[in-house]
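Beneath this line is the structure, given in structure tokens, with notes to follow.
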Amino acid sequence: MSVDVVTVAGMSVAVINYDRRVTRWEPDAAGRLARAALELYSGRGFEQTTVAEIAGRAGLTERTFFRHFADKREVLFAGAGALQELVVTAVASAPGSATPIAAAAAGVEAAGVLLQERREFARQRQAVIAANAELRERELIKLASLASAIAEALRARGVKDPGASLAAEAAIAAFRIAFERWTSTTEAPELPRLIRDALDELRAVTAGR
């Protein structure tokens, strides 16, 4: 921003000029950065890619990158909070007659429906994570946090421990197996179906069939 003084009708008037480069509109900046980051991670590797390169690929500045993400890892995990909220809401909204495992299943199936819409992004993201030990550890922490959130939602429904924790961990195990199968090939069925199949298999195993 700058201030110029001009003369109008014999009077000095201050005119404020705004720098459009500072205030320009950046539509879908977070999405553009995420797509650019994934392209670079897939092509060059996560560790070799810099924030400057991500911002440049997206046609944005590093300052804009850090307005949306704390660091380059967060590009891959930025949606974890929203996903957890969706899962917890689905668990809480399950019918009152639902068993603990059925309520937990409702949560992970809701996650599957959401992720199904971003299958190619999810496949590329999973490949990047699988190639980096630090990212694999971060993914495990995310899943553990999701299991804890499901267990807490089950306790809020009146399920006592260890039942709440066991049901939550079982649902996450089924989700993880289904997700790995879903991202390993483009020919796999839709993720919600794979999650249901994994949960059915779990029920069959625990029933001794």
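For the range 154-171, a residue qualifies if it is hydrophobic (A, V, I, L, M, F, W, C) and more than 21 Å from residue 203 (Cα to Cα), and exactly one does: 156. Do we find that residue 93 is in the same structural domain as residue 198 (by TED's automatic domain parsing) and either touching a Gly at 6+ places or on another chain (Cβ under 8 Å) or under 17 Å from residue 81 (Cβ atoms) (or both) in this structure? No, not satisfied. Evaluation of residue 90 against the conditions (1) out of contact with any Phe, Trp or Tyr (no Cβ under 7 Å at 6 or more places or on another chain); (2) under 23 Å from residue 185 (Cβ atoms); (3) not in a loop (DSSP other than H, G, I, E, B) shows that the sole unmet condition is (2). Checking each residue in the range 44-61 for being assigned to a helix (DSSP H, G or I), modelled with pLDDT of 95 or more and surrounded by fewer than 13 Cβ atoms within 10 Å (Cβ to Cβ) picks out only 52. Against the criterion of being surrounded by 14 or more Cβ atoms within 10 Å (Cβ to Cβ) and either aromatic (Phe, Trp, Tyr) or within 16 Å of residue 178 (Cβ to Cβ) (or both), residue 110 qualifies.
Here's the yes/no breakdown for (1) surrounded by 17 or more Cβ atoms within 10 Å (Cβ to Cβ); (2) of a type in the set (Phe, Trp, Tyr); (3) touching a residue at least 24 places away in the same chain (Cβ under 8 Å); (4) within 24 Å of residue 131 (Cβ to Cβ):
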position	(1), (2), (3), (4)
66	no, yes, no, no
73	no, no, yes, yes
84	yes, no, yes, no
90	yes, no, no, no
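The values are calculated or read from the model by the stated rules, or taken from the named source; none is laboratory data. Please read these numbers as outputs of a predicted model, since none were measured by experiment. So basically every Cβ, Gly included, is an ideal-geometry build from the backbone, and we count neighbours across all protein chains shown.
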